[in-house]
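The values are calculated or read from the model by the stated rules, or taken from the named source; none is laboratory data. As the structure is a prediction and not an experimental result, all values here were calculated from the model. Note that we place each Cβ from the backbone using ideal geometry, even for glycine, and neighbour counts take in every protein chain shown. Heavy atoms of the whole protein, side chains included, go into the accessibility calculation; ligands, DNA and RNA do not. Shrake-Rupley method; radii C 1.70, N 1.55, O 1.52, S 1.80 Å.
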Amino acid sequence: MEEEFYRIKRLPPYVIAEVNGMRAAARAAGRDIIDLGMGNPDLPPPQHVIDKLCEVAQKPDAHGYSASSGIPGLRKAQANYYGRRFGVELDPETEVVMTMGSKEGLASLATAITAPGDVVLAPNPSYPIHTFGFIIAGATIRSVPTTPDERYWESLERAMAFTVPRPSILIVNYPSNPTAETVDLAFYERLVAWAKENKVWILSDLAYSELYFDGNPTPSILQVPGAKDVAVEFTSMSKTFSMAGWRVGFAVGNPRLIAALKRVKSYLDYGAFTPIQAAACAALNGPQDIVEMNRNLYQKRRDVLVESFGRAGWEIPSPKASMFAWAPLPPALKEMGSLEFSKQLLTHAEVAVAPGVGYGEEGEGFVRIAMVENEQRLRQAARNIRRYLASMGVNTTAA
């Protein structure tokens with residue numbers, strides 16, 4: 001009875017939780033921690049969305065079980081979004097399903113389509129659900145690079161040539177969490193052709209579809225002709241509409257994968273609270289000015305972050321998309337490692353970041369910085385970090 005449960009044995013301690021625990025303890029002790037660790041939006045949803053939630057919640061018949069695949073109006077609203085944004089036509093009945101955020105959708109689809117021993121190709125570094133959702137389902141993970149250069153394609157070819165059994169699923173996530181890297185439509189065209197040739201399903205996580213910068217919209221893999229033959233794509237309303245706690249996401253694309261996901265979900269849940277789904281319809285169908293507003297706000301925060309941290313002595317590459325910066329450790333402190341560096345920042349600079357090693361071994365040497373504090377707080381974080389770096393003998397300039 002003392003032996004660890006089978007699936008729990010396959011889950012290592014969550015590295016990021018160690019820093020989260022330190023942050024909570026510091027705040028409990030009264031310290032003012034600038035939290036750039038968790039990607040938790042600090043803005044509210046649009047007022048008309050909140051109003052719709054309250055309106056529907058007042059109806060006596062709105063409190064029963066809902067549809068696990070999403071109410072028809074919500075699935076239609078998501079299909080219309082794909083038509084407007086990407087020029088992609090979707091059947092709301094067979095090619096769209098609502099999920100409890102993209103995270104739950106990926107985990108449920110992993111349960112639906114993965115057999116013990118299946119090999120799944122996943123990026124490293126990556127958001128943990130991209131690997132552990134499939135590990136929990138019994139799969140084996142083979143890592144491929146996150147950076148979409150020629151090394152990426154070489155890694156795919158090696159995986160198909162030398163892995164037994166041959167990989168059957170590939171996870172892609174652009175804009176990437178945590179690295180914020182992006183791809184163009186030509187990348188997806190090449191990827192769809194590769195997947196068809198090798199008989200591999202593609203699961204695309206497009207959670208940051210609307211947080212793109214400098215006027216360069218992110219593409220969808222489903223824009224590629226024939227992509228629905230091999231691909232399903234996940235999106236989320238969490239960041240686009242500042243609705244993270246509402247847990248509203250979608251999977252769209254290949255009808256066979258969508259049917260499998262619907263079937264598993266029908267056993268696992270009764271869908272989100274109906275007023276939440278109605279409010280999500282209002283977000284998708286209503287004024288879209290908040291989408292542009294949020295995009296501009298994160299772009300301004302990005303510029304402040306890169307500029308102020310750079311003047312503090314820590315050069316950070318400017319992300320092209322997402323709400324994250326993927327920051328290499330200052331060269332003088334690289335040997336410290338990302339976990340210890342994150343702990344030091346929390347203790348001595350009162351700034352919380354996420355250690356890169358928590359996103360896979362290839363994340364070592366980096367930290368993920370979430371742009372979830374306002375510009376004033378970002379500049380304060382830079383001043384705190386400058387003082388810490390100076391105390392460690394790092395050459396800095398005044399912030």
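One table, with the values for the structure above:
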| read-out | value |
| --- | --- |
| Cα centroid separation - region 135-199 against region 329-372, whole Å | 26 |
| Members of LYS300/LYS320; LYS103/LYS239; LYS320/LYS343; LYS103/LYS199 lying beyond 18 Å, as alpha-carbon distances in this model show | LYS320/LYS343; LYS103/LYS199 |
| Proximal aspartates and glutamates relative to LYS262, as straight alpha-carbon distance under 16 Å, when same-chain residues fewer than 8 apart are discounted | ASP91, GLU93, GLU95, GLU104, GLU233 |
| Most to least packed among 198-209, 76-87 [average Cβ atoms within 10 Å] | 198-209, 76-87 |
| Acute angle (nearest 10 degrees) that the helix 255-268 long axis makes with the longest principal axis of the chain, alpha-carbon atoms | 80 |
| Sorted peptide list for 139-152, 235-248, criterion being average Cβ within 10 angstrom, highest first | 235-248, 139-152 |
| The chain: relative contact order in percent, alpha carbon pairs under 8 Å with at least 6 residues between | 24 |
| Full-stretch length increase - ARG151, GLU315 - with 0.36 nm per residue and alpha-carbon distance subtracted | 56.5 nm |
| For region 283-382: rounded, prolate or oblate by the Cα gyration tensor [a/c cutoff 1.5] | prolate |
| Separation in nanometres of the label points that stand 7 Å from Cα toward Cβ, at ALA62 and GLN47 | 1.9 |
| Residue-averaged [θ]222 nm for the chain, counting only DSSP H segments that reach four residues, each worth -39500 (n - 2.57) | -13000 deg cm²/dmol |
| Residue-normalised accessible area of the chain, expressed per residue, 1.4 Å probe, Å² | 43 |
| Helix 47-57 axis, angle to the chain major axis (alpha carbon atoms, nearest 10°) | 50 |
| Degrees, to the nearest 10: 289-311 long Cα axis against longest axis of the chain | 30 |
| The chain - share of DSSP beta bridges that are antiparallel (%, nearest 5) | 50 |
| Efficiency of FRET from Cβ geometry, ALA29 and GLU335, R₀ 35 Å, rounded to 0.05 | 0.75 |
| Three-way shape label, region 197-286, alpha-carbon gyration tensor, a/c 1.5 | oblate |
| Fraction of beta bridges assigned by DSSP in region 194-262 that are antiparallel (%, nearest 5) | 55 |
| Charge dipole of the chain about the Cα centre (unit charges at C-beta), most positive-ward option of ILE276, GLY310, PRO148 | ILE276 |
| Ordering of 97-104, 336-343, 214-221 by packing [mean C-beta count within 10 Å, highest first] | 97-104, 336-343, 214-221 |
| Dipole moment magnitude, nearest 20 debye, the chain about Cα centre, only Lys, Arg, Asp, Glu C-beta charged | 340 |
